[in-house]
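Have a look at the structure below before the remarks.
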Amino acid sequence: MSSGLRTYQSHLSLDHVPAAQAAAARSSVAVATRLGGTVAAHAQVAFADGMQLALLITAGVVAAAAVSVAVLMRQSAPGSQR
């Protein structure tokens with residue numbers, strides 16, 4: 001399970017929704033949006049929270065990869081001292 005999906009599911013407030021609909025809404029933001037009302041609003045906010053976390057994690061991985069590449073390129077550059 002991805003961090004984005006876990007965040008979506010944990011931030012989705014469905015206390016007032018029947019169990020079957022709540023389970024469907026937790027599995028899909030599209031289903032939650034079709035339920036309308038406050039469920040759709042909560043789903044949209046929870047989805048945005050999940051995407052934000054996923055993108056922050058991805059940005060961290062990309063930054064670490066960029067630093068690694070820079071270090072490796074610097075070490076293998078012609079004339080570099082080891």
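Give the share of C-alpha pairs in each 10 angstrom bin for the chain, from 0 to the last occupied bin, in whole percents, shortest bins first. Per 10 Å bin, starting at zero, the Cα-Cα P(r) for the chain comes out as 18, 33, 16, 12, 11, 7, 2 percent.
Compute the relative contact order of the chain as a whole-number percentage, counting only Cα pairs closer than 8 Å that sit 6 or more residues apart in sequence. Let's see the in-between values first.
Working: 60 pairs, mean separation 27.1, N = 82.
Contact order relative to length: 33 percent.
None of the figures in this text is laboratory data; all of them are computed from the coordinates on show. From a predicted model like this one, the values you see are computed outputs, not experimental measurements.
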